[in-house]
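First comes the structure, then the notes that go with it.
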Amino acid sequence: MSEQVPVLRIGQVLLVSIQTDLDDHAVMLLQDDLAAAVVDSGAHGVVIDITAVEIVDSFVGRMLSTIASISRLLDAQTVVVGMRPAVAITLVELGLSLGGVRTALTLDKGLRMLEQARASALGSRTPGSRSDAEDEGLAPDTAAGL
């Protein structure tokens, strides 16, 4: 029987700490649960901690890439942290580049990476770009009190 992997919220970031090797069913559950959690929470970042993962196969590797793609479509960045050298070697040997998946050695570095990305995204808004009010579904005139 598959174990459900908990998805924890830390501010505007979701944390998934994978503590066991996952079977295919658990991976699919995680993908669905995480997508729903991103939408429900409005999180801007997802950190997947794989420190405890010792073995990966092509399915798990593709799942990490798929989760990053789904999160990106839902306006959240994904960082995978804690990858062991053996896992990295296996992914390379399997030909999986994990396109779109950012990595960091530690949870702390991963969280900082998401903070910096968020600050850059918020700071890059130009006068002609969408406002926070528009992001919340309000017309600019309504948000300005006009």
Within the stretch 1-39, residues without any contact (Cβ under 8 Å) to a residue 60 or more places away in the chain, of a type in the set (Val, Ile, Thr), outside any helix (DSSP H, G or I) and surrounded by 13 or more Cβ atoms within 10 Å (Cβ to Cβ) come out as Val5, Val7, Val16, Ile18
Counted residues in the stretch 53-112 being without any contact (Cβ under 8 Å) to a residue 24 or more places away in the chain and within 22 Å of Leu29 (Cβ to Cβ) come to 1
Residue hits (the stretch 54-76; surrounded by 21 or more Cβ atoms within 10 Å (Cβ to Cβ) and either more than 20 Å from Leu114 (Cα to Cα) or of a type in the set (S, T, N, Q) (or both)) are Val56, Val60, Ser71
Going by the structure shown, is Ser71 of a type in the set (S, T, N, Q) and modelled with pLDDT of 90 or more? yes
Query raised in the report: Would you call Ala86 in a helix (DSSP H, G or I) and surrounded by 17 or more Cβ atoms within 10 Å (Cβ to Cβ)?
Result: no
Of those in the stretch 82-104 that are out of contact with any Ser or Thr (no Cβ under 8 Å at 6 or more places or on another chain) and under 17 Å from Val46 (Cβ atoms), the residue modelled with the highest pLDDT is Ala104
Of the residues in the stretch 95-108 that are loosely packed, with under 13 Cβ neighbours inside 10 Å and not acidic (Asp, Glu), the one that is farthest from Ala37 (Cα to Cα) is Gly95
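The values are calculated or read from the model by the stated rules, or taken from the named source; none is laboratory data. This structure is a prediction, so every number in the text was calculated from the model and none was measured. A quick note on method: Cβ atoms are made from the backbone with ideal geometry, for glycine too, and the neighbour counts reach across all protein chains shown.
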